[in-house]
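One structure below.
The values are calculated or read from the model by the stated rules, or taken from the named source; none is laboratory data. These numbers were taken from a predicted model, which means no experiment stands behind them. Cβ atoms come from the backbone with ideal geometry, glycine included; neighbour counts cover every protein chain shown. Please note that ligands, DNA and RNA were not included when accessible areas were found on the heavy atoms of the full protein model with its side chains. Shrake-Rupley method; radii C 1.70, N 1.55, O 1.52, S 1.80 Å.
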Amino acid sequence: NHCRQGTVIATLGTALVAYRFAGSRPGPFHPQGAWGFYPFGGFYELASRAYGCIALDWACDCLFPGSEISSFLTYAQAAASSAAKRQTDPAFFFPSRFRGGTAWTGTADRDSRALAVLEGIGFALKQMIDEELQDGQTPASVCVIGGGSQSDFWLQILADIFHCPVRRGRGDSLAGAAAIAHPASGQSPDYLPDPSPDSSPSQTFQPVPANSLRLRRLYDSWRKNL
C-alpha cells in the first residue's frame, strides 16, 4: 500500500490498527505503541485497539437484530442526510464500551445511533493516530484496508473526520511479499503502481469542508464524554 512519510495505513478489521513509516530514527516512539524495521529501510511504528469492526457487528445486532451490515450502513446513511437534526441531540458511540450499557449516549433514534457507530469508530481511530502516531498532526493521507474499507460511505466519513484524503488500499499479502523480495531493496518496486489520489480517483475520498467542521465539533464533544 506504499506506506511513506505522512501516510498512515489503517485497518478497519476486527481490531483497529494504524501503521506508519517512522523514518530513519529507531524507536521506541510512544509507550503504548510497537515499532520495528521497515522492509525498505528505516523503521515503522504501529498502534492498535482491540475494538474495531467487532464493535460494529455488536452494534448491528443490538440495533437491527438479524440484519446484515449492508442494511446497517443503509440506515446510517439515511441518518446522515438529516445531520442538522442531530446537532440538537446528537448520538455518540464509544467503541471501547461495546457490550455494555453505556456504549451509546444521546438520542435513542436507531438510524442516528447507527451513524454514530461509524463516526465513533472513526473518532477512536483518529484519537489513536493523533496521540500515538502523529503527535497531534493531521496525516497527509490515510490508506484504509480491511473489511470496513469496502464501504464508500464509511471512507467518506473518515475523510471528513481526518480532513485529509482517504484512499482504499489493498490487502494483497502476496504483492507485499514480492515487494519485500524485490532485488532493488531500499525502495518501493517500480512494477507496483503508485496509488496516489490522482492515479485512482474512484478509490480516493476527499473531505467535504462543511462535514469536516461538523465532525470536528462532534469529535471534541465525543472526547469530553470518554
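Laid out as a table, the results:
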quantity	calculated
Heavy-atom surface of region 91-177, accessible at 1.4 Å and reported per residue (Å²)	36 Å²
Share of carbon and sulfur in the accessible heavy-atom surface of the chain [1.4 Å probe, %]	52 percent
Listed residues 32, 77, 150, most fluctuating in the chain (Gaussian network, C-alpha, under 10 Å)	32
Charge-dipole axis of the chain as Lys and Arg at +1 and Asp and Glu at -1 on Cβ define it, positive-most pick from 56, 90, 75	90
Backbone HN-Hα couplings from phi across region 46-53 [Karplus 6.51/-1.76/1.60, Hz, Gly and Pro as x]	9, 10, 8, 10, 6, 10, x, 6
FRET efficiency, residue 5 to residue 70 (Cβ-Cβ, R0 30 Å, nearest 0.05)	0.25
Per-pair calculated FRET efficiency, R0 = 30 Å: residue 135 and residue 178 via Cβ, rounded to 0.05	0.35
Stretch gain in nm, segment residue 225-residue 150, where the contour uses 0.36 nm per residue and the Cα spacing is subtracted	24.0 nm
Test item: Cα-centred dipole of region 1-72, Lys/Arg +1 and Asp/Glu -1 on Cβ, debye	440 debye
Whole-Å distance, taken between Cα centres, linking region 1-28 and region 157-172	13 Å
Per-q log10 I(q)/I(0), the chain, q = 0.07, 0.08, 0.16 Å⁻¹ (Debye; single scatterer per alpha-carbon; no solvent)	-0.23, -0.30, -1.11
Residue-level accessible surface for residue 182, protein heavy atoms, 1.4 Å, Å²	50 Å²
Ranked packing of 90-101, 138-149, 63-74, 115-126, most packed first, by mean Cβ within 10 Å	115-126, 138-149, 90-101, 63-74
